[in-house]
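The values are calculated or read from the model by the stated rules, or taken from the named source; none is laboratory data. This structure is a prediction, so every number in the text was calculated from the model and none was measured. Glycine also receives a Cβ, built like all others from the backbone with ideal geometry; neighbour counts cover every protein chain displayed. For the accessible areas, the whole protein counts, side chains as well, though only heavy atoms, and no ligand, DNA or RNA atoms are used. Shrake-Rupley method; radii C 1.70, N 1.55, O 1.52, S 1.80 Å.
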Amino acid sequence: LLAPLLDGDYEVTDLDRIYAIEIDETRVQVTASRFPDITVIRDDFLRVPAFKWMRIFDTIVMNPPFVKGSEYDHILGAIALLKDGGQLVSIAPAGIMFRESKRAVELRDRVSDLGGYIKPLPSGSFKSEGTSIETCLVLIP
């Protein structure tokens, strides 16, 4: 969910200012039916023309796919959409906390440069959803 240009205090009732980008058609339909005032875009987040939205979002909440390291591209791409002082909360695989690949180091450095941090979640946090993958939160306050 991406929330652009929210002035001052706002509540969840400001749904017309929220965007959701989802590749899965079923999830798009469910989101659109539950939240008809949200703009739901059916597309791959990495293919959405970021230059149109560069640095306009106050808040981004995301759960990127955990596929072949694509979480790095998704999170770094989302960071590029934040305006100065914007906030990001993302679930990610725990490996981003310790992997030494170029993308992992780049992500950790970028989060740190923005005053953020990466925090492990308790083991089994998503067991009720059918997965035992170890996860963490990426936070940019």
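What the table below lists for this structure:
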{"item": "Estimated distance in nm for a label pair at Val30 and Glu129, the labels positioned 7 Å out from Cα along Cα-to-Cβ", "result": "1.0"}
{"item": "Accessible-area composition of the range 34-141, carbon plus sulfur, in percent [1.4 Å probe]", "result": "54"}
{"item": "Ser70, Ser90, Ser128, ranked by accessible area, largest first (probe 1.4 Å)", "result": "Ser128, Ser70, Ser90"}
{"item": "Stretch gain in nm, segment Leu76-Leu121, where the contour uses 0.36 nm per residue and the Cα spacing is subtracted", "result": "14.2 nm"}
{"item": "Using θ = phi - 60° and Karplus 6.51 cos²θ - 1.76 cosθ + 1.60, couplings along the range 106-117 (whole Hz; Gly, Pro as x)", "result": "4, 5, 4, 5, 5, 4, 4, 4, 8, x, x, 7"}
{"item": "Kirkwood-Stokes translational diffusion coefficient of the range 21-127, alpha-carbon pairs, 25 °C, 0.890 mPa s, µm²/s", "result": "163"}
{"item": "Residues with amide H under 5 Å from that of Cys136, placed H, sequence gap 5 or more", "result": "Ala92, Ala94, Leu121"}
{"item": "Net length gained if the chain between Val67 and Leu139 were fully extended (0.36 nm per residue, minus Cα distance)", "result": "23.9 nm"}
{"item": "Per residue accessible area of the range 12-141, 1.4 Å probe, in Å²", "result": "61"}
